[in-house]
Structures are given as C-alpha cells and as structure tokens.
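So the structure is just underneath, and the comments pick up after that.
Read the figures in this text as sums done on the coordinates, not as results from a lab. Model, not experiment: these values are computed from the prediction. Heads up, the Cβs are rebuilt from the backbone with ideal geometry, glycines too, and the neighbour counts pull from every protein chain shown.
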Amino acid sequence: MASLFDPLQLGSLTLPNRIVMAPMTRSRADEAGVPTDLMATYYGQRAGAGLIISEATYVSPDAKGYSRIPGLHTAAQVAGWKKVTDAVHAKGGRIFAQIFHCGRVCVPVLLPAGVEPVAPSAIAINGKNYTDAGPVDFVVPRELAIVEIPSIVNDFATAAQNAIAAGFDGVELHAASGYLVHQFLDGSINKRGDAYGGSVSNRCRFALEIIEAMIGAIGRERIGIKISPRIKFNDVADPDAGDVYPYLTSQLSAKGIAYLHGAKQGDYGVHEAVRPLFQGAYFAGAGFDQASGEAMVASGKADAIVYGKRFISNPDLPARFASGAALADDNAKTHYSKGAEGYTDYPAA
Ligand SMILES: Cc1cc2nc3c(=O)[nH]c(=O)nc-3n(C[C@H](O)[C@H](O)[C@H](O)COP(=O)(O)O)c2cc1C
C-alpha cells in the first residue's frame, strides 16, 4: 500500500515523496514578467515538496492576463527563473514550470499596444479582471483565425524549451481554470465551426497539438498537464465534461507524457473518470488534507496529491505531515499582494 512518504518515479526524476506543491499565482514578478529574488526565496523554502509546480507563467506577450505574473519568453525572464530553479535545486528539490495563455481572461491594459485578447470564439466573460490599474471589465475577445493557431502552439513549445534552459525539471501545460486551452475544450465557450470546434475531438485538438509540440521540444517524460473540469471560475461550464475529459485523457495517455494532474473544483468526479484511462502518473488535487490524501494514495486512486493553500502558509508541509506538527492558516489578503508579507514570512515549524 503506497503512502504519501513513498518515492515516486516520474520519467527519469525520482520524487522523494508524493506531496506536490500546486501551481499558484502569487504576483511577485516585476512588470516585465521577470521572476524576482523574493520568488527564489519563496520557492526555495518549499523545496521539501516531492515536486513543486510553478505558478502559471505566460508564453508570449499576448498571453498575459494578470499584473505581476511571470513569463517565459524573454532572456531576462529565463535568467530570473534560473535563480528560482537554482534555489530549489540547492535545497534538494525539483520544480516544473506551469505554462499558459490567458485567452479571453486577458484585458487590453495588460497587453502590448494594439493587441486584442483572443479566444476560440467572440464571447466575453461576465465580470471584471483585477489589475494594478484597478478593476477592468472583461472585453469581447477576437475570435482566432485558424491560420493564427500554429504560431500559438509554437509559443508553448518555445516556452517549454525556455523552461528547460532556465533549469526546470519539466513543464506542466495549464489546460485548467478557464484559460485559453480550457476555452477550446469547453463547448459553451468554443463555438467554432472549423477543425478546432464542434465535436469533442475537434475541441481537444488545440490541447493535443500543444502537447505534441512540447514533446518535440523537450521530450514526453518531462511533460505534465493540468485539468479542472467544470470549475466555477472564468465562466467555465463544460456542458459535456463526461465526453471531453475521458477522450482527452485517452489521447494524452497514448502520447506517453509523465503525468496528468486533475483538480476537482466542480461537480464532476474527475479523479474517478480519468485515472483508469491514463497510463502515466496521476496527481489528484484540490481540497485534500493529510488524511484524505493518504487514503487516496493508499487506495491507488492517485499516485501523488497536490496541495495548494496549505503550502502557502506551511513551507515545510511534508515535514509537518511527517511529524504531526500543527498547520498554519493562510491569509487570502496577501495571495496576490506585493512583497514578503504573506509570502516568504510564514515560518517552518
Ligand atoms: C492563490 C492561488 C493561486 C492559484 N493560482 C493557480 C495557477 O496559477 N495555476 C493553477 O493551475 N491553479 C492555480 N490555483 C489553484 C490551485 O493550484 C489548486 O488547484 C487549488 O488551490 C485547490 O487546491 P487546495 O484546496 O489544496 O488549495 C491557485 C490557487 C490559489 C489559492
């Protein structure tokens, strides 16, 4: 019976435990998307995780959807990330980069002059995006022309290559949370009439082409992907999740990538639905505590458990699980603020 404290083989990487740190946007990069020294301290503090997955990182200037998030498309960003990966490796840890394109979550104030937000279809999100310039309404995105898609796919492959150059151990494609890849999967958001819309296989095409391009760039055993079917965020609906996600998983399994990361953040039993269809490692996330994570791994329903908020306020989470030390609560007010407060000032037990 496996435990959270057993090692897990992931391609050529050995995770010393099955306690994974979730990708979490913390907004401590600079305005140019360059990771800061403070970020190196933060991630280094959390190197006891079996694996760290970085915060979502944008693949091109046109893909940025929030203030002070990091990118992976300039030399300065790669150099900034190198300090982060060095800090994690120096403390014996392992770290993957999570890469994304925000699609219709982008707002013009965050994009280069003249660049419009893009999406599979011209349908806006209801509500506002919170930027350093204040709250701004989401806009109706421009529907991507089919001829534009290959260059976006290529941006992901280049970002994956940049991640390896920056010292990351691998790359997770962010296909969750209602960002561009998820926008293509969701039939309530994707109303295209071409090869990228309509049928389930057409809506999965964009995600699978990106994975194929990433495999070409860095190799299958350094790649993971995150999904969060029916998450209540960014107007995601996933009306036919029960058709889309099993199909997507079977296709991903055939590509032989290292892991599938499912976050159960909606009313769809993602873990039960996809785990049996995937031959690589399965990471289960969202809402787990130590006991429920142990039970999940012991039953074989997941190979590792992904912890989010608990890692914000407990940098030494695996050690606390092992010793039974009390857990500290995180402060949501400092999730996306500036500076060290609520970021690098949570002490180890
Ligand atoms: C502050 C914060 C930022 C997040 N940013 C991301 C992100 O960049 N990428 C992502 O895939 N999920 C993101 N998430 C979702 C987490 O990865 C995770 O799925 C979620 O917190 C549920 O897990 P938990 O119950 O263990 O916290 C974020 C969550 C929080 C709390």
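Points to keep in mind about this one:
- Centre-to-centre, using Cα atoms only, region 171-226 and region 20-61 are separated by 23 Å.
- For GluC sites (Glu not before Pro), no site in region 142-209 is both called loop by DSSP and has at most 11 other Cβ atoms within 10 Å.
- Computed from backbone phi with θ = phi - 60° and the Karplus coefficients 6.51, -1.76 and 1.60, the 3J(HN,Hα) list for region 50-60 is x, 8, 9, 10, 5, 4, 4, 10, 7, 8, 7 Hz; x is used for glycine and proline.
- Near L10, the amide H atoms lying under 5 Å from its own belong to L15; only residues 5 or more places off or on other chains count, and H is placed 1.01 Å from N.
- Set K128/K226; K191/K264; K301/K333; K128/K191; K128/K301; K191/K309 screened for pairs whose C-alpha atoms are more than 31 Å apart: K301/K333; K128/K301; K191/K309
- For region 1-143, the share of DSSP beta bridges that are antiparallel, to the nearest 5, is 40%.
- DSSP beta bridge pairing in region 8-334, given as percent antiparallel to the nearest 5: 20 percent
- Here's how it looks for T57: its modeled amide H is under 5 Å from those of Q98, I99, F100, which are all 5 or more places away or on a different chain.
- GNM result for the chain, Cα springs below 10 Å: residue of G262, G287, G114 fluctuating most strongly: G114
- Region 81-172: trypsin sites (Lys or Arg not before Pro) falling in loop per DSSP and having at most 14 other Cβ within 10 Å: K91
- In order through region 216-225: 3J(HN,Hα) via Karplus (6.51 cos²θ - 1.76 cosθ + 1.60), integer Hz, x for Gly, Pro: x, 7, 9, x, 5, 7, 10, 10, x, 8
- For the chain, diffusion coefficient by Stokes-Einstein and Kirkwood Rh (Cα), 37 °C, 0.692 mPa s, µm²/s: 164 µm²/s
- With both residues required to sit in region 124-252, DSSP beta bridges show an antiparallel share near 50%.
- Here the 3J(HN,Hα) profile of region 250-257, calculated from phi with Karplus coefficients 6.51, -1.76 and 1.60 at θ = phi - 60°, is 4, 5, 5, 4, 5, 7, x, 6 Hz, Gly and Pro shown as x.
- Amide H partners (placed H, <5 Å) of R142, local residues excluded: V118, A119
- Listed residue (G50, A175, G285) projecting farthest to the positive dipole end of the chain, Cβ model: G50
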